[in-house]
Amino acid sequence: MHRLSKHWGAALLLACLLTPAQLGHPGVPPRSDPPAFSPAPAIEAAEKLPRLRSLLVNHHGELILEQYFNGAHSKQAANIKSASKSVVSALVGIAIERGLIASVDTPAATFFPELRAAKADQRKQQITIEDLLTMRSGLEPTSNRNYGRWIASPNWVRYILNRPMVSAPGFGMHYSTGNTHLLSAILTRTSGASTWKLANEALAKPLGMTLARWPRDPQGIYFGGNDMEMTPRQMMAFGELYANHGRVNDRQVVPAEWIEASLVPRTRSRWSKRLYGYGWWIRELAGRPAFYAWGYGGQFIFVVPDLELVVVTTSSANPGSERGSHRRALAALVEEQVVAPIARAAGMA
């Protein structure tokens, strides 16, 4: 109430200081409102990207742009690649709220007795849930050049746990999907259900959708952190969930405290220097704070909280050598043709 009164007082003072002409009387053109967002420039830029499949923009809870490219359509699911890590993070937050996991400080060794073996590296016993969420476990990565050997192994969890330590837990980010796969294994063991079933019951159903099955490891554990499939609208629903502090209508689906904690920068990528929280990347877009789920090849869910803006893109999941240039062009499109004009229209540029 005081804030409202203050704004009205400022407006009244301004009115007293302005002349009648400045208030919009005849002879002086009235000040025009900022122009509304026009999707045409974004679509024009998107059409120049041969690997782009979809571009969706939701502003203030309204889908103001939904366009598909290069033969894609709205019902076509995309392999969201590592954007899956953001979904697994949400499931961990739900599991903690349900008491299935005590806290982010819980040691991973609680769920993997082999880490407590006498011959095990004692540093492995110090790895926590938070370390897995932030890629700071210290375990040798299973991504990039090690990825093929990992997924060809007969037991993915054992392979990860047997990796040597390359740093102490909690110090430095070593990007590795193995971290998130351990979280999927923990969710499976603590919930008594598969990660796929938990994701559908705890996330998808409240959002009014059903998630398709995605690949599993040789022991039947759903891949944690890769290869989930969603349609662009499903990705949008998940992004909107985070934009709305975890609520869908009157239901709190993901704890608001978890979302807040997830978006605190906790480490920085060694190779890209980008900030990372609990399964979400963090940056600025057109000067506004933003966070995003990022999947290989150009699968993105961008959330700009103070603009109430969510942007989804999907791309060819096999971008080849052009993935870097495509990603940069896509980021520029979102920043310059979507976020910046909406910020200007809101008077926040």
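The values are calculated or read from the model by the stated rules, or taken from the named source; none is laboratory data. These numbers were taken from a predicted model, which means no experiment stands behind them. Glycine also receives a Cβ, built like all others from the backbone with ideal geometry; neighbour counts cover every protein chain displayed.
For the stretch 54-65, taking the residues that are in contact with a Pro (Cβ under 8 Å, 6 or more places away or on another chain) and more than 17 Å from A340 (Cβ to Cβ), the one that is surrounded by the fewest Cβ atoms within 10 Å (Cβ to Cβ) is identified as L56. Take R145 and tell me if it is farther than 27 Å from A243 by Cα and in contact (Cβ under 8 Å) with a residue 40 or more places away in the chain. No; evaluated as a whole, the condition is false for this residue.
Condition check ((1) in contact with a Gly (Cβ under 9 Å, 6 or more places away or on another chain); (2) more than 14 Å from G170 (Cα to Cα)) across all residues:
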| position | (1), (2) |
| --- | --- |
| S89 | yes, yes |
| E97 | no, yes |
| A102 | no, yes |
| F111 | no, yes |
| R116 | no, yes |
| A120 | no, yes |
| Q126 | yes, no |
| E130 | yes, no |
| T134 | yes, no |
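For the stretch 154-171, the candidate set comprises residues that are touching a Pro at 6+ places or on another chain (Cβ under 9 Å) and in a loop (DSSP other than H, G, I, E, B); within that set, the residue that is surrounded by the fewest Cβ atoms within 10 Å (Cβ to Cβ) is P154. In the condition set (1) surrounded by 15 or more Cβ atoms within 10 Å (Cβ to Cβ); (2) within 17 Å of V92 (Cβ to Cβ), R233 is compliant with all but (2).
Candidates in the stretch 247-263 are the residues that are part of a loop (DSSP other than H, G, I, E, B) and more than 13 Å from the chain's Cα centre (by Cα); of these, the one that is surrounded by the fewest Cβ atoms within 10 Å (Cβ to Cβ) is D250.
All of A317, A345, A293 fail the test of being out of contact with any strand residue (DSSP E or B) (no Cβ under 6 Å at 6 or more places or on another chain) and small (G, A, S), apart from A345. When the stretch 228-282 is filtered for residues that are of a type in the set (D, E) and more than 18 Å from K81 (Cβ to Cβ), the ones remaining, listed by number, are E240, D250, E257, E260. If only residues of the stretch 275-294 that are closer than 12 Å to A343 by Cα and without any contact (Cβ under 8 Å) to a residue 60 or more places away in the chain are counted, the one that is surrounded by the fewest Cβ atoms within 10 Å (Cβ to Cβ) is P289.
Looking only at the stretch 54-97, residues that are outside any loop (DSSP other than H, G, I, E, B), closer than 23 Å to W214 by Cα and β-branched (V, I, T) come to 4 in all. Under the condition of being closer than 18 Å to R251 by Cβ, assigned to a helix (DSSP H, G or I) and touching a helix residue (DSSP H, G or I) at 6+ places or on another chain (Cβ under 7 Å), the residues counted in the stretch 172-219 number 4.
Table: residues versus (1) surrounded by fewer than 17 Cβ atoms within 10 Å (Cβ to Cβ); (2) charged (D, E, K, R); (3) not in a helix (DSSP H, G or I).
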{"position": "V311", "(1), (2), (3)": "no, no, yes"}
{"position": "T314", "(1), (2), (3)": "no, no, yes"}
{"position": "A317", "(1), (2), (3)": "no, no, yes"}
{"position": "E322", "(1), (2), (3)": "yes, yes, no"}
{"position": "H326", "(1), (2), (3)": "no, no, no"}
{"position": "V334", "(1), (2), (3)": "no, no, no"}
{"position": "G347", "(1), (2), (3)": "yes, no, yes"}
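Of the listed requirements (1) farther than 17 Å from N179 by Cα; (2) surrounded by fewer than 15 Cβ atoms within 10 Å (Cβ to Cβ), R268 misses just one: (1). Among the residues of the stretch 98-122, those that are surrounded by 16 or more Cβ atoms within 10 Å (Cβ to Cβ) and in a helix (DSSP H, G or I) comprise A108, A109, T110, L115. For the stretch 220-246, the set of residues classified as in a helix (DSSP H, G or I) and either of a type in the set (S, T, N, Q) or modelled with pLDDT under 95 (or both) consists of Q234 only. In the list T210, T177, which residue meets the criterion of being of a type in the set (S, T, Y), surrounded by 17 or more Cβ atoms within 10 Å (Cβ to Cβ) and either in contact (Cβ under 8 Å) with a residue 40 or more places away in the chain or out of contact with any Pro (no Cβ under 9 Å at 6 or more places or on another chain) (or both)? Criteria check complete, one pass: T177. Filtering the stretch 187-199 down to residues that are under 11 Å from V88 (Cα atoms) and touching a residue at least 40 places away in the same chain (Cβ under 8 Å), which residue is surrounded by the fewest Cβ atoms within 10 Å (Cβ to Cβ)? Of everything passing the filter in the stretch 187-199, L198 is surrounded by the fewest Cβ atoms within 10 Å (Cβ to Cβ).
When N79 is tested against (1) of a type outside the set (G, A, S); (2) surrounded by fewer than 19 Cβ atoms within 10 Å (Cβ to Cβ); (3) farther than 15 Å from A185 by Cα, exactly one condition is not met: (2).
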